[in-house]
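J.: Okay, handing you the structure first.
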Amino acid sequence: MSLPRRLRTAAPGLLALICAGTLTLAGCSAADGAEPAAAGRDGLAVVASFYPLEWLSRQVAGDLADVATLTPPGAEPHEYELTPQDVAAVSEADVVVYLDALQPAVDAAVEQQAGDRAFDVGSAADLDLVYVAGEHGDEHAEDEEHAGEDAAVTDPHFWHDPMRMAAVADALAERLGRADAADAATYTANAAALRTQLEELDGEFRSGLATCASRDVVTRHSAFGYLAEAFGLHQVGISGLAPDEEPAPSALTDATAFVREHGVSTIYFETLVSPAVAETVARETGARTRQLDPVEGLTDASQGDDYLELMRANLASLRAGQ
Ligand SMILES: [Zn+2]
């Protein structure tokens, strides 16, 4: 967890430089009025910080907005560093949809560039899960200095709970309606239609996981707390809230001990970080490995093309592994 702190410190100077570049670029963009006014209105420019919010924005905005994402496909969002183009996009967007305290680089850019165009989905998502370090091998700070401050933090991974996604969709519709009042009713209707799909997904998880023999889900990083809470599972993350490439040896030892003690049969690995850690725990305990996607970004290895498909692939994986 020391990297985010370093980024937070380094970012202002960097952003000042980038900002200067952005101002120069702005004169060349189509938005400065140099081009003849089109007959119709331009759509909203929406920038989303990472995949689940990009998908949500596209569903709610439909074809009324141009939706861009800051975290490119295949990039791990927690520690993604923004490019100058990303920062320019934040400074030019009509609405910046992000989740505070998930991506320090995004937080810094939003703070400096977005002003009241920023929309933090955290309160609509009702982030009420507190992640406590050290429970069942969850989080192991490598140095004592950081152990205390990382001990209890809010879990940001709300998107694994379909009903929290629906609540964020409603709030986003309201926010887009404020930026584009003429289309407010359409945003509201789109969010309502999306809620129906998300309720269906929620029902599939509820019935699909009801009869699983094991409730203990051992995951590569602790991304599934809200899923576990929503559907009566117990998450045991080898890494904490961010997927450190090299967890502390004690994290591996604790996870291995938990797996043995509770007869866990499956260790779940993810798409955006190496499967090596999950494989190590599996090898030591005789468990199998399966993919469980944190749905933090799409890659070629993703088992689906959008949020709903990835969630259904996760459901199938859990049903097979539990
Ligand atoms: Zn995560």
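J.: What residue, of 149, 174, 142, is over 17 Å from residue 225 (Cα atoms), out of contact with any helix residue (DSSP H, G or I) (no Cβ under 7 Å at 6 or more places or on another chain), surrounded by 14 or more Cβ atoms within 10 Å (Cβ to Cβ) and modelled with pLDDT under 95?
T.: Numbers: 149 fails: surrounded by 14 or more Cβ atoms within 10 Å (Cβ to Cβ); 174 fails: modelled with pLDDT under 95.
Going through 149, 174, 142 in turn, the sole match is 142.
J.: So, in region 298-319, how many residues would count as being in a loop (DSSP other than H, G, I, E, B) and among the polar types (S, T, N, Q)?
T.: Adding up the residues that qualify gives 3.
J.: Same structure, new question: If I go through region 75-134 residue by residue, how many of them are out of contact with any Ser or Thr (no Cβ under 9 Å at 6 or more places or on another chain) and at positive phi?
T.: 3
J.: Moving on. Return the pair list, or none, for Cβ contacts closer than 7 Å from residues in region 204-221 that are closer than 20 Å to residue 275 by Cβ and in contact (Cβ under 8 Å) with a residue 12 or more places away in the chain to residues that are within 16 Å of the ligand (Cβ to nearest atom) and assigned to a helix (DSSP H, G or I), at least 6 apart or on different chains.
T.: So the pair list comes out as 217/228; 220/277; 220/278.
J.: Assigned to a loop (DSSP other than H, G, I, E, B) and of a type outside the set (Gly, Ala, Ser), is that true of residue 271?
T.: Against the criterion (assigned to a loop (DSSP other than H, G, I, E, B) and of a type outside the set (Gly, Ala, Ser)), residue 271 qualifies.
J.: Being open to solvent by 60 Å² or more (accessible area, probe 1.4 Å) and either at pLDDT 95 or above or more than 17 Å from residue 315 (Cβ to Cβ) (or both) is the filter here, so list the residues in region 211-239 that pass it.
T.: Residues satisfying the conditions are 215, 229, 234.
J.: Another question about this same structure. Identify, please: which residue in region 243-272 is more than 13 Å from residue 217 (Cβ to Cβ) and under 21 Å from the mean Cα position of the chain (by Cα) and is, among those, nearest to the ligand (Cβ to nearest atom)?
T.: First pass over region 243-272, keeping only residues more than 13 Å from residue 217 (Cβ to Cβ): 243-254, 256-257, 260-261, 263, 271-272.
From the residues that got through so far, the ones that are under 21 Å from the mean Cα position of the chain (by Cα) too are 243-247, 271-272.
Details: 243: 6, 244: 11, 245: 13, 246: 16, 247: 14, 271: 12, 272: 9 Å.
Restricting to residues being more than 13 Å from residue 217 (Cβ to Cβ) and under 21 Å from the mean Cα position of the chain (by Cα), the top hit is 243.
J.: Next question, about the same structure. Search region 243-261 for residues that are among the basic types (Lys, Arg) and pair each with any residue that is assigned to a helix (DSSP H, G or I) when their beta-carbon atoms are under 9 Å apart and the residues are at least 6 apart or on different chains.
T.: These pairs meet every condition: 260/284; 260/285.
J.: Suppose we filter region 267-322 for residues that are closer than 17 Å to residue 228 by Cα, open to solvent by 30 Å² or more (accessible area, probe 1.4 Å) and out of contact with any helix residue (DSSP H, G or I) (no Cβ under 8 Å at 6 or more places or on another chain); how many remain?
T.: Total meeting the criteria: 2.
J.: Restricting to region 47-71, give me the number of residues that are under 16 Å from the mean Cα position of the chain (by Cα), among the polar types (S, T, N, Q) and farther than 11 Å from residue 96 by Cα.
T.: 1
J.: Kindly establish whether residue 155 is within 16 Å of the ligand (Cβ to nearest atom), surrounded by 16 or more Cβ atoms within 10 Å (Cβ to Cβ) and either within 24 Å of residue 259 (Cβ to Cβ) or modelled with pLDDT under 95 (or both).
T.: It is true that residue 155 is within 16 Å of the ligand (Cβ to nearest atom), surrounded by 16 or more Cβ atoms within 10 Å (Cβ to Cβ) and either within 24 Å of residue 259 (Cβ to Cβ) or modelled with pLDDT under 95 (or both).
The values are calculated or read from the model by the stated rules, or taken from the named source; none is laboratory data. Just so we're clear, the structure is a prediction, and the values are computed from it rather than from any experiment. All Cβ positions, glycine included, derive from the backbone under ideal geometry; neighbour counts span all protein chains shown. Heads up: the accessible areas ignore ligands, DNA and RNA and are worked out on the full protein's heavy atoms, side chains in. Shrake-Rupley method; radii C 1.70, N 1.55, O 1.52, S 1.80 Å.
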